[in-house]
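The values are calculated or read from the model by the stated rules, or taken from the named source; none is laboratory data. Computed from a predicted structure; not experimentally measured. Every residue, glycine as well, gets a Cβ built from its backbone with ideal geometry; the counts of neighbours run over all protein chains shown. Heavy atoms of the whole protein, side chains included, go into the accessibility calculation; ligands, DNA and RNA do not. Shrake-Rupley method; radii C 1.70, N 1.55, O 1.52, S 1.80 Å.
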Amino acid sequence: MENYRNLSELRPGTTIVEDIYANTAFPIIRKGTTLEIEHLEVLDLFNIKRVKVEERIVNRVQSEQHEIGKTDTISSDLDELLENKISRSSDLHTMYKKAVNDYKREFTSWRSGVKLDIAKVRLLIMPLLETYMEQKKMLVMLNEYSNRKEYLYHHAVSVGILTAALASELDYPKGTTLQLGLAGTLTDCGMAKVNPALLEKAAFLTKDEFAEVKKHPVYSYQMMQDSPLLRQEMKLAVLQHHERLDGSGYPRGDQGEKISQLSQILAVADVFHAMTCERVYRAKESPYRVAEMMKEEDFGKFDSAILDALYAVIGMPDIGDKVLLTNGDVGEVVSINYSKPLRPNIKLQGRDESIDLCSNRSVAIEKVVN
């Protein structure tokens, strides 16, 4: 038997018996799908109130609930459901790797000429956005997950995560935060239209080659411009994510107020992750050093409020933290330099010696190893 059920009556394990659309060309969830937590979250985000399901599953769920004295409906608190899932699965890296593999599959299809399906990208990134906004201490580890060979796919997923975390830190509404996280994941989808050899080239690009790579924000915008699943301001943010406040960016050289704050959030997430990761032409860099460089050396390119949010989401070292330094030393934070919070005073492990990172600029924190 088949029947329509309210969203609040669904639980993982229920089977959908018809394609579900939400003003989309393609279904957001296809017929025959067995629902998981991510699907319930997507239904909620698209404001889907009722779906057609296998009645056999629903009846069994209601029967089981009755036997253990529960009500005959499932709580509609999807945040709680998601939290429960994460508590059952401590390996967030597994979720992350799955998203990277799913994105790689989508990107490969775009290279072969398949049209961008934003609903599929949304489904693969949404659980991670929710999870990492609650697990901010994991954000500083994203560059460790990446590898040189598959950097492009890791970068897409990580920029989505970092973008959502920054927007949340800046107190954007949840709906805007999730939309911007989706936009962050799609900033480089236009790379699928760039010659793959240029993206894998270890040597410096020629002027003409770099000019071709610099077209990718326009390609990304063109790929998503007809989709109703991303707000227009998000599409503009993708187009502008390589613009800089001082006018030094591309593709149009916009500056100042012509660049939306949403775009500037994407820019900070994009540059931060790119600079911390191993690339074909560069070793990976300490997230703490990169955040500091963006604030001090690139002054005038990025919104200072967004850089403050970046400091907050990667987490400031605190007194008592055990840290690994970029020179290989390990030590404990014994005092904070509040004007430069990423450069505390460190008592070195195994010797009667301290190092003040404010006066030793060649050394920085590599990671907190508590």
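Below is a table of values for the structure above.
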quantity: Listed residue pairs exceeding 24 Å between alpha carbons, taken from Lys104/Lys284; Lys97/Lys149; Lys120/Lys214; calculated: Lys120/Lys214
quantity: Cβ-based net charge around Glu297, under 12 Å, with every Lys or Arg adding one and every Asp or Glu removing one; calculated: +1
quantity: Debye-sum result for region 227-273 in log10 I(q)/I(0), which assumes one identical scatterer on each alpha carbon, at q = 0.14, 0.19, 0.28 Å⁻¹; calculated: -0.30, -0.53, -0.99
quantity: Kirkwood hydrodynamic radius of region 85-182, Cα pairs, Å; calculated: 13.8 Å
quantity: Integer Hz, Karplus 6.51/-1.76/1.60 couplings in order for region 333-345, x for Gly and Pro; calculated: 5, 10, 7, 10, 8, 5, 6, 9, x, 8, 10, x, 8
quantity: For region 334-353 versus region 126-144, the gap between their alpha-carbon centres in whole angstrom; calculated: 27 Å
quantity: Under 18 Å from Lys295, Cα to Cα: lysines that are on another chain or at least 8 residues apart; calculated: Lys340
quantity: Most to least accessible of Met141, Met275 (protein chains only, probe 1.4 Å); calculated: Met141, Met275
quantity: Residues with amide H under 5 Å from that of Ser354, placed H, sequence gap 5 or more; calculated: Leu348
quantity: Relative contact order [Cα under 8 Å, 6+ residues apart], region 257-370, whole percent; calculated: 22 percent
quantity: Calculated from backbone phi, Karplus (6.51, -1.76, 1.60) coupling profile of region 359-366 in Hz, x at Gly/Pro; calculated: 9, 10, 5, 6, 10, 9, 6, 7
quantity: Loop GluC sites (Glu not before Pro), region 88-152 (other Cβ atoms within 10 Å of the site Cβ: 14 or fewer; DSSP); calculated: Glu150
quantity: Spatially proximal lysines relative to Lys207 (Cα-Cα < 23 Å; intrachain offsets below 8 disregarded); calculated: Lys193, Lys215, Lys301
quantity: Backbone HN-Hα couplings from phi across region 120-132 [Karplus 6.51/-1.76/1.60, Hz, Gly and Pro as x]; calculated: 6, 5, 4, 5, 6, 9, 4, x, 5, 4, 4, 5, 6
quantity: DSSP-loop GluC sites (Glu not before Pro) across region 177-241, with at most 13 other Cβ within 10 angstrom; calculated: Glu200
quantity: Mean-position separation - Cα centroids, region 209-232 and region 155-208, in angstrom; calculated: 11 Å
